[in-house]
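Chemist: Could you have a look at this structure, given as structure tokens, before my questions?
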Amino acid sequence: MTATIARHRPGQGREDAGRDGFGRVLRAEWIKFRTVRGWVIAVVIAVVLMDLIGLFAGGSVNTTCDNGGGRVLHGAACIPPQPLGPGGVPVTDSFTFVRQPLTGNGSVTVRMTSLTGRYGGGYGPASQGPAAGSKIGVQPWSKAGIIIKQSTRQGAAYAAMMVTGSHGVRMQYDFTHDIAGLAGPVSARSPRWLRLTRSGDTITGYDSADGRHWTEVGAVALAGLSATAQAGLFVTSPAYMSLSEVFGGTTGQVGPSLATGVFDHVRLSGARPGSTWAGVDVGNQDAFGPQSGQLEGFQRAGDRFTVTGSGDIAPQVPGGGGGGPNSTIEGHLIGAFAGLIVLVVIGAMFMSAEYRRGLIRTTLAATPRRGRVLAAKAIVIASVTFAAGLAAAVIAVAVGVRLAHDQGTYVFPVSWLTWLRVVAGTAALLAVATVLALALGTLLRRSAAAVAAGIVVIVVPFILGIAQVLPIGAAEWVLRVTPAAAFAIEQSVPAYSQVRASYTPPIYFPLAPWAGFGVLCGYAALALGLAFIVLRRRDA
Amino acid sequence: MDTTLEVDGLRKRFGATVALDGMTFTVAPGQVTGFIGPNGAGKSTTMRVILGLDAPDEGRALVGGRPYRTLRRPLTRLGSLLDASALQPSRSGRNHLLWLASSQGLPARRVDAVIEQTGMQAAARRKAGGYSLGMRQRLGIAAAMLGDPSAVMFDEPFNGMDPEGIIWMRGFLRALAAEGRAVLVSSHLMGELQDTAGHLVIVGRGRVIADSSTADLLAAASGDRVILRTAAAAEAAAAVQRGGGSVAAVGQDTLTVTGLAADKIVILLGEAGVPFSEVAAHRASLEEAYLDLTRDAAEYRAAAPAAPDTAPAAPDTQAAR
């Protein structure tokens, strides 16, 4: 039983022989992680939780509808076609258009003296007219002005100069872009002159208070604008919304509206000889029911045009009025919070478990450069979490959106870059949050304390922020200053200042996607930095 | 490559408690150095300082002339076992060794080699949480041997071992020393190291009480005492005192005589006509030597190496009685 060792001279100076490699520490920590079966299983559970919750986020909806011809349709067939703008975003494109073809370069100039409107009511008895019971007033984003548009097809590229209900003169183009011009409302005493000129693909907007002194508001290139475009006058007015906050959410009244603009000094240069002004109802506005046509349209008296319209020329947003699509891709990532809880526990324990039984001393004796141990652990746990989170997010979004579509839910389409940002961002969020938990585990050393701290710092703010249990202002502050701000990375549809909607969590976050993610990274960096210092100074 | 461990003037406080109070000694290659002291004497703290785990308030510890923390692949220089229970219970022994080997850039065959060396092949692939204390000790020793280090350091390696294991451990330690390694083994029981350690560092209350070879220590501790057994204790004591010796009663029939050699005592007793059953020069065991050293403050101070002028006042230094 004695000495089973062979006689030899020990450790012949190999101490400094090997590469001074961080890779060794990294490999050691990876072996540590993968050889605790409970941790590996927990990661799989996190993925399964994310996907189960995410795939059934929409519930089991079975949409049925009528195609108008008495035939009952199911599921995806019920999703109405949505016009897409030049950028691929779904848009609302409904307005009254008084137009002429414009071939080649040219310009359109008008003076506006009035913008009025009506809202609410409608759908009254036919005898009382379609606008019965409506009230007088313009909407903040009621729009009247001039437009040069590729065609009268919904979603076609355009640039427009307009007066608005309460946002002054604007230049807008291709639905998502908005530039401010002259401030203040339009009236007979303070008229607004508007001009658009086309030169090649470039359209330049000007405004003026007197028709003599013009200011350029913006010059935009509309790629691929065909030689002949449609130019003229337009009026539209979005649904009126009165949003009021109830505890933890908003409730709103939504109703139709229309606006009437009065134009004179209408000049079109570059028109085809012999063309005349013709009205067209783009996108069948019908805001006040089937008889809306009695209201929408235009009258001309000499040089004076009175145009009435309803609808909007704007990107569609979830949470907006008017029954647009409300489902977003990130809706299928709601399970991330469940995965997060599991991963926070693993992240904290990856370090605190070493303290539980003193294994940390073996670890630090093997790697006396302690910062490397923490760095290796952070890289291992972040990589594992990112990979698992990415797999879970890709499945949840890809399959979830497909299922929702098949059930007849219109899911807001996004660009592939946005899709990638949402999916990879969610994985990155999980990875960074887990690293934060790892740092907490290093600082606190006790698993229970570290897990509790991780949950309190990351998961609880997220739930407070999006579960509509706090007043919106408070919820937005939570989503601004806590690590839960990072969930902004999941917001797939931007908020547009020129579109009125309920821009509240969980669809909209107070911080931009990367800024919100940055908040979490800041917390993680701070905690990791403290953990580095403490780990290096503290007796093991 | 020979590796000497040098511990030089270590001081460390944990709050109000003085854990190390000028701890100084050297562990030479090629022999087993016993690191002996009662619980709380600072043995484990010293070992943690050597490994760079705890930072001393003063002093330094060097491994082959370098602070441990500057070693790039430390397990190839100094293998250690501090706490055999420091394991992730759900990880197998083999996987525990595998990550350690990886951290030093050692190949997996080293793992299998030390598993065989410590005789734990049967348990290596089971979860470490199910190991007996003895098996955990073997795993800890396997971990210490992974890097084939030129110095090893074991904290209380006999704890929890069955007699067979203790015998194996003694042989193992001797073999390591015979290979030229520096071996530092702590224990709070002198007997465990009786026949194993060639050198002893005895500590109490954070400082070294004695630092010498085992042979010298035994000789010094035995002193010139003679055990005298007699039914006529009073007469015997009188006779010995007349001859210039001093006497202390140990039991009813037993006296301890100092200041006289055994043969001189026999002559004195014969001349006085006092009957006796035994006169024998005392031969101390390590255990007694240890108790002697730690019992008496005066002897303790005499035996302590001359500490640099920082020796604190009496109460603190009257260590481990």
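Chemist: Can you tell me the orientation of helix A:472-481 relative to chain A, as the angle in degrees between its alpha-carbon axis and the longest Cα principal axis, to the nearest 10?
Modeler: 50
Chemist: Run the numbers on the stretch B:80-96: which residues show a drop of 40 Å² or more in accessible area, chain on its own versus all protein chains together, using a 1.4 Å probe over heavy atoms?
Modeler: Those residues are B:A86, B:Q88, B:R91.
Chemist: By how many degrees, between 0 and 90 and to the nearest 10, does the Cα long axis of helix B:93-103 differ from the longest principal axis of chain B?
Modeler: 70
Chemist: From a point 7 Å beyond the Cα of B:A28 in the direction of its Cβ, which residues of the stretch B:176-219 have a backbone N at a distance under 15 Å?
Modeler: B:177-178, B:180-184, B:197-201, B:211-217
Chemist: Find how many whole Å separate the alpha carbon centroid of the stretch A:462-534 from the alpha carbon centroid of the stretch B:1-79.
Modeler: 50
Chemist: Compute the Cα gyration tensor for the stretch A:466-527, then decide on rounded, prolate or oblate, letting a ≥ b ≥ c be the square roots of its eigenvalues: rounded whenever a/c is under 1.5, prolate when a/b is larger than b/c in the other cases, and oblate in all that remain.
Modeler: oblate
Chemist: May I pose another question? Set Lys and Arg Cβ to +1 and Asp and Glu Cβ to -1, take the dipole of the protein assembly as shown about its Cα centre, and tell me which of B:L20, A:I147, A:P185 lies farthest positive.
Modeler: Checking the options against the dipole of the protein assembly as shown, the answer is A:I147.
Chemist: Once you place label points 7 Å from the Cα toward the Cβ at A:A467 and A:W416, how far apart are they in nm?
Modeler: Inter-label distance under the simple model: 3.9 nm.
Chemist: Given a Förster distance of 35 angstrom, what is the FRET efficiency for B:T256 paired with B:D195, based on the Cβ-Cβ distance and rounded to 0.05?
Modeler: After rounding, the FRET efficiency stands at 0.85.
Chemist: Under 15 Å from the Cβ of A:G87, count the other residues' Cβ atoms, weight Lys and Arg +1, Asp and Glu -1, and hand me the total.
Modeler: Residues near A:G87 contribute -3 overall.
Chemist: Also: If you plug each phi of the stretch B:188-203 into the Karplus form 6.51 cos²θ - 1.76 cosθ + 1.60 with θ = phi - 60°, what whole-Hz ³J(HN,Hα) values come out, in order, with x for Gly and Pro?
Modeler: Result, rounded to whole Hz: 9, 10, 4, x, 4, 10, 2, 9, 10, 7, x, 9, 10, 10, 9, 10.
Chemist: For chain B, what does the accessible surface come to per residue with a 1.4 Å probe? Please give it in Å².
Modeler: Value for chain B: 39 Å² per residue.
Chemist: In square angstrom and rounded to 100, what buried accessible area do you get between chains B and A, total over both, with the probe at 1.4 Å?
Modeler: Interface between B and A: roughly 4400 Å².
Chemist: Set the Förster distance to 51 Å, then compute FRET efficiency between B:F14 and B:E235 from the Cβ-Cβ distance, nearest 0.05.
Modeler: 0.35
Chemist: Once fully extended, how much extra length lies between A:T276 and A:R538, figured as 0.36 nm per residue of separation less the alpha-carbon to alpha-carbon distance?
Modeler: The A:T276-A:R538 span can extend by a further 85.8 nm.
Chemist: A follow-up question, please. If we count every other residue with Cβ under 15 angstrom of A:G165's Cβ, Lys/Arg +1 and Asp/Glu -1, where does the sum land?
Modeler: With Lys, Arg at +1 and Asp, Glu at -1, the net is +4.
Chemist: Tell me, what % of the accessible area of the stretch A:364-521 is carbon and sulfur with a 1.4 angstrom probe?
Modeler: 72
Chemist: For A:D201 and A:V40 in one chain, what is 0.36 nm times their gap in residues minus the Cα-Cα distance, to one decimal in nm?
Modeler: Extra length from A:D201 to A:V40 when fully extended: 52.2 nm.
Chemist: As an exercise, use a Förster radius of 45 Å and the Cβ-Cβ distance of A:K135 and A:V48 to find the FRET efficiency, rounded to the nearest 0.05.
Modeler: 0.25
Chemist: Between A:R267 and A:A221, with labels modelled 7 Å along Cα→Cβ, what's the label distance in nm to one decimal, could you check?
Modeler: Here the modelled spin labels are 2.9 nm apart.
Chemist: Still on this structure, please answer the following. For the stretch B:100-146, which residues drop by 30 square angstrom or more in accessible area between the chain on its own and all protein chains together (1.4 Å probe)?
Modeler: In the stretch B:100-146, residues shielded by partner chains: B:S102, B:S103, B:Q117.
Chemist: Output needed: Cys residues of chain A lacking any neighbouring Cys C-beta below 4.7 Å, sorted by number.
Modeler: A:C521 - these cysteines have no disulfide-compatible partner (Cβ-Cβ under 4.7 Å) in chain A.
Chemist: Give the long-range amide H neighbours of A:T92: residues separated by 5 or more places, or on another chain, with amide H under 5 Å away, using H modelled in the peptide plane at 1.01 Å from N.
Modeler: Correct list: A:A314, A:Q316.
Chemist: Here is a further query. For A:H265, enumerate residues with amide H under 5 Å from its amide H, sequence gap 5+ or separate chain, H modeled in the peptide plane.
Modeler: The list, which skips near neighbours in sequence, is A:R111.
Chemist: On the protein heavy atoms, probe 1.4 angstrom, tell me the percent of accessible surface of the stretch B:119-199 carried by carbon and sulfur.
Modeler: Looking at the stretch B:119-199 in its full context, I get 52 percent from C and S.
Chemist: Ignoring everything except DSSP H segments at least 4 long, calculate the 222 nm mean residue ellipticity for chain B; use -39,500 (n - 2.57) per segment, divide by total residues, nearest 500.
Modeler: -10000 deg cm²/dmol
Chemist: Quantify, in whole percent, the carbon and sulfur part of the accessible surface of the stretch B:1-102 (1.4 Å probe; protein heavy atoms only).
Modeler: 46
Chemist: Would you mind getting the accessible area per residue of the stretch A:389-511, heavy atoms of the protein chains only, 1.4 Å probe, in Å²?
Modeler: On a per-residue basis, the stretch A:389-511 sits at 36 Å².
Chemist: May I ask you to list the residues of the stretch A:368-403 whose amide nitrogen lies under 11 Å from a point 7 Å from Cα along the Cα→beta-carbon direction of B:R69?
Modeler: Flagged as within label range: A:368-371.
Chemist: Of the listed peptides A:148-161, B:62-75, what is their order by residue-averaged count of other C-beta atoms within 10 Å, with the highest listed first?
Modeler: Ranked from most to least packed, the peptides come out as A:148-161, B:62-75.
Chemist: Helix A:37-55 versus the longest principal axis of chain A: what angle, 0 to 90°, nearest 10, using Cα atoms?
Modeler: It works out to around 10 degrees.
Chemist: On a straight-distance basis, which lysines could pair with A:K32 in a cross-link, Cα separation under 27 angstrom, same-chain partners fewer than 8 positions away excluded?
Modeler: Once the sequence-local lysines are set aside, what remains near A:K32 is A:K377, B:K127.
Chemist: Something else about it: Can you give the local net charge around A:M112? Use residues other than it whose beta-carbon is closer than 12 angstrom to its beta-carbon, Lys and Arg +1, Asp and Glu -1.
Modeler: +3
Chemist: Let me ask something additional. At a cut-off of 30 Å², which residues of the stretch A:361-396 become less accessible once all protein chains are present than in their chain alone, using a 1.4 Å probe?
Modeler: Buried-area filter returns A:R361, A:T362, A:A365, A:A366, A:P368, A:R369, A:R370.
Chemist: Towards the positive end of the charge dipole of the protein assembly as shown, with charges on Cβ (+1 Lys, Arg; -1 Asp, Glu), say which of A:A450, B:L200, B:A151 has the farthest Cα.
Modeler: The listed residue farthest towards the positive side: A:A450.
The values are calculated or read from the model by the stated rules, or taken from the named source; none is laboratory data. Being a predicted model, the structure only gives us computed values, none of them experimental. Cβ: placed from backbone, ideal geometry, glycine included. Neighbour counts: every protein chain shown. Surface areas here come from the heavy atoms of the whole protein model, side chains and all, with no ligands, DNA or RNA. Shrake-Rupley method; radii C 1.70, N 1.55, O 1.52, S 1.80 Å.
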